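Read the figures in this text as sums done on the coordinates, not as results from a lab. In this text the structure is predicted, and so the values were computed from the model without any measurement. All Cβ positions, even for glycine, are placed from backbone atoms using ideal geometry, and neighbour counts span all protein chains on display.
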Amino acid sequence: MSKARLMAYLASRKASGLMAGVMCALLENRYEALGKECTHPPFAFAIIASGYKLSDSEWTHLYERPLCTPSLHMYGILDSYINISKSIDLRRAFSQSAELSTYGGHFVPKSPEAIKTIFDFVAQFAA
């Protein structure tokens, strides 16, 4: 998959969980994969819902080194769009990851417990 095809793929799909992981990897690797110098710092943290790795062989190197961006990975064990094993595989690519799994499908959880988990995760990074 060429660089242009990657960008078109990410832009054309409603694959925000995929895109979040890719963006973390690209920023941590300073855009080496795209052949451009990057001045944007890595994200302070990431919240990724139903994420998964980009599996095209040209881009799997993005996940060779552990990603250091602190991350919260959310997924429903009954998600019929993204298999939970793909989300767990992405979470394992991050060295500082937390998990919020729910007995639900492909949605962001809205229970008081889930909201507290998300709030507490973000609060760690408040200045």
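General observations
- Unique residue being of a type outside the set (A, V, I, L, M) and within 19 Å of Leu27 (Cβ to Cβ) when the list is Gly76, Gly51, Gly104: Gly51
- Scan the stretch 83-127 for residues that are over 17 Å from the mean Cα position of the chain (by Cα) and not β-branched (Val, Ile, Thr) and the total you get is 16.
- Considering the stretch 64-81, and only residues there that are surrounded by fewer than 20 Cβ atoms within 10 Å (Cβ to Cβ) and touching an Asp or Glu at 6+ places or on another chain (Cβ under 9 Å), the residue that is farthest from Gln124 (Cα to Cα) turns out to be Arg65.
- Condition met for Ala98 (touching a residue at least 40 places away in the same chain (Cβ under 8 Å) and among the small types (Gly, Ala, Ser)): no
- Of all residues in the stretch 48-62 being in contact (Cβ under 8 Å) with a residue 12 or more places away in the chain and surrounded by fewer than 19 Cβ atoms within 10 Å (Cβ to Cβ), the one that is farthest from Asp120 (Cα to Cα): Glu58
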